[in-house]
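Novice: Could you have a look at this structure, given as structure tokens, before my questions?
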Amino acid sequence: MPEIKIQNIVASTTLSDKLDLDMIGMSLDGAEYEPEQFPGLIYRIEEPKTAILLFRSGKANCAGGKDIDSIERCIGMIREKLMMLGVDVYEKPEIVVQNIVAVTDLGTRLNLNSLAITLGLEHVEYEPEQFPGLVYRIEEPKVVLLIFESGKVVCAGAKKIEEIERAVEILTEELTTAGFLP
């Protein structure tokens, strides 16, 4: 199976019953808060390279992590910063992965017109005038694969790394059976 590289994990959590974004925005160095343009406060972290969006409801979204550990560290860091500002935060907020994006390379060029027919038109969107990749929707696991002529594949929509691995496995099996891969 080709090597899979995680590019981005997006997760959500609830840090508190409510957050005073005006106070946090003024007190937290580097925070970006412009409520006329976006209702959330944006805070970027250098290590691990992630960003977190905080909302008045107490909910938060963390993005940019390359693994679950970086997401947990990002949320832990913002939790500590909020506690230092006197914000009442939950002790162990539940973290829910919303989306994992990964890439892989099949190592060969692909004829996307032939591939669209092989994979079955009911699971494929391919309009090269609109987008240069073939969109392949796998039902189980529920993952979307963007397949490019170069053989590169972007996987999106998974909530677990195992789902991406399974989707790539399904794709490589189908392409091998159809003669696209050796």
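Novice: Conditions first: (1) open to solvent by less than 30 Å² (accessible area, probe 1.4 Å); (2) within 26 Å of Cys155 (Cα to Cα); (3) out of contact with any Gly (no Cβ under 7 Å at 6 or more places or on another chain); (4) not in a strand (DSSP E or B). Gly25 passes all but one, so which condition is the exception?
Specialist: Of (1) open to solvent by less than 30 Å² (accessible area, probe 1.4 Å); (2) within 26 Å of Cys155 (Cα to Cα); (3) out of contact with any Gly (no Cβ under 7 Å at 6 or more places or on another chain); (4) not in a strand (DSSP E or B), only one is false for Gly25: (2).
Novice: Pick from the range 94-126 the residues that are assigned to a loop (DSSP other than H, G, I, E, B) and among the charged types (D, E, K, R): which of them is nearest to Gly58 (Cα to Cα)?
Specialist: The extreme case among them is Glu94.
Novice: Please state which of the following conditions Ile42 fails to meet, knowing it meets all the rest: (1) open to solvent by less than 70 Å² (accessible area, probe 1.4 Å); (2) in a strand (DSSP E or B); (3) touching a residue at least 24 places away in the same chain (Cβ under 8 Å).
Specialist: Ile42 satisfies every listed condition except (3).
Novice: Can I ask one more? Is one or more of the residues making up the range 143-154 open to solvent by 70 Å² or more (accessible area, probe 1.4 Å), among the aromatic types (Phe, Trp, Tyr) and free of Cβ contacts under 8 Å to residues at least 40 places away in the same chain?
Specialist: Step one: list which residues in the range 143-154 are open to solvent by 70 Å² or more (accessible area, probe 1.4 Å), which gives 149, 152.
Those left that are additionally among the aromatic types (Phe, Trp, Tyr): none.
Among the residues of the range 143-154, not one is open to solvent by 70 Å² or more (accessible area, probe 1.4 Å), among the aromatic types (Phe, Trp, Tyr) and free of Cβ contacts under 8 Å to residues at least 40 places away in the same chain, which makes the answer no.
Novice: Checking the conditions here, which among Thr172, Thr104, Thr108 is under 17 Å from the mean Cα position of the chain (by Cα), closer than 18 Å to Lys5 by Cα and of a type in the set (Ser, Thr, Tyr)?
Specialist: Of the residues listed, the single one that is under 17 Å from the mean Cα position of the chain (by Cα), closer than 18 Å to Lys5 by Cα and of a type in the set (Ser, Thr, Tyr) is Thr104.
Novice: Exactly one of (1) open to solvent by less than 80 Å² (accessible area, probe 1.4 Å); (2) within 30 Å of Val153 (Cβ to Cβ) is unmet by Lys49. Its number?
Specialist: (1)
Novice: What are the pairs, 6+ residues apart or on separate chains, where a residue within the range 48-68 that is on the phi < 0 side of the Ramachandran plot and acidic (Asp, Glu) has its Cβ under 9 Å from a residue that is open to solvent by less than 60 Å² (accessible area, probe 1.4 Å) and assigned to a strand (DSSP E or B)?
Specialist: Asp67/Ile6; Asp67/Ile9
Novice: Does the range 64-80 hold any residues that are of a type in the set (Ser, Thr, Tyr) and not in a helix (DSSP H, G or I), and which are they?
Specialist: The answer is none; no residue qualifies.
Novice: Another question about this same structure. Checking the condition of a type in the set (Val, Ile, Thr), assigned to a strand (DSSP E or B) and under 27 Å from Ala11 (Cα atoms), which residue from Val135, Val168 passes? Before the answer, list the steps.
Specialist: On the way: Val168 fails: assigned to a strand (DSSP E or B).
Among Val135, Val168, only Val135 is of a type in the set (Val, Ile, Thr), assigned to a strand (DSSP E or B) and under 27 Å from Ala11 (Cα atoms).
Novice: Of everything in the range 1-22 that's assigned to a loop (DSSP other than H, G, I, E, B) and either without any contact (Cβ under 8 Å) to a residue 12 or more places away in the chain or not hydroxyl-bearing (Ser, Thr, Tyr) (or both), which residue is nearest to Glu174 (Cα to Cα)? Lay out the reasoning, then the answer.
Specialist: Here is the first cut: in the range 1-22, the residues assigned to a loop (DSSP other than H, G, I, E, B) are 1-3, 15-20.
Then keep just the ones that are either without any contact (Cβ under 8 Å) to a residue 12 or more places away in the chain or not hydroxyl-bearing (Ser, Thr, Tyr) (or both); that gives 1-3, 15, 17-20.
Numbers: Met1: 13, Pro2: 14, Glu3: 17, Leu15: 43, Asp17: 48, Lys18: 49, Leu19: 49, Asp20: 52 Å.
If we take residues in the range 1-22 being assigned to a loop (DSSP other than H, G, I, E, B) and either without any contact (Cβ under 8 Å) to a residue 12 or more places away in the chain or not hydroxyl-bearing (Ser, Thr, Tyr) (or both), then Met1 is nearest to Glu174 (Cα to Cα).
The values are calculated or read from the model by the stated rules, or taken from the named source; none is laboratory data. If you're wondering where the values come from, they're calculated on a predicted model, not measured in any experiment. Cβ atoms come from the backbone with ideal geometry, glycine included; neighbour counts cover every protein chain shown. When the accessible area is computed, the model is the full protein with side chains, heavy atoms only, and any ligands, DNA or RNA have been set aside. Shrake-Rupley method; radii C 1.70, N 1.55, O 1.52, S 1.80 Å.
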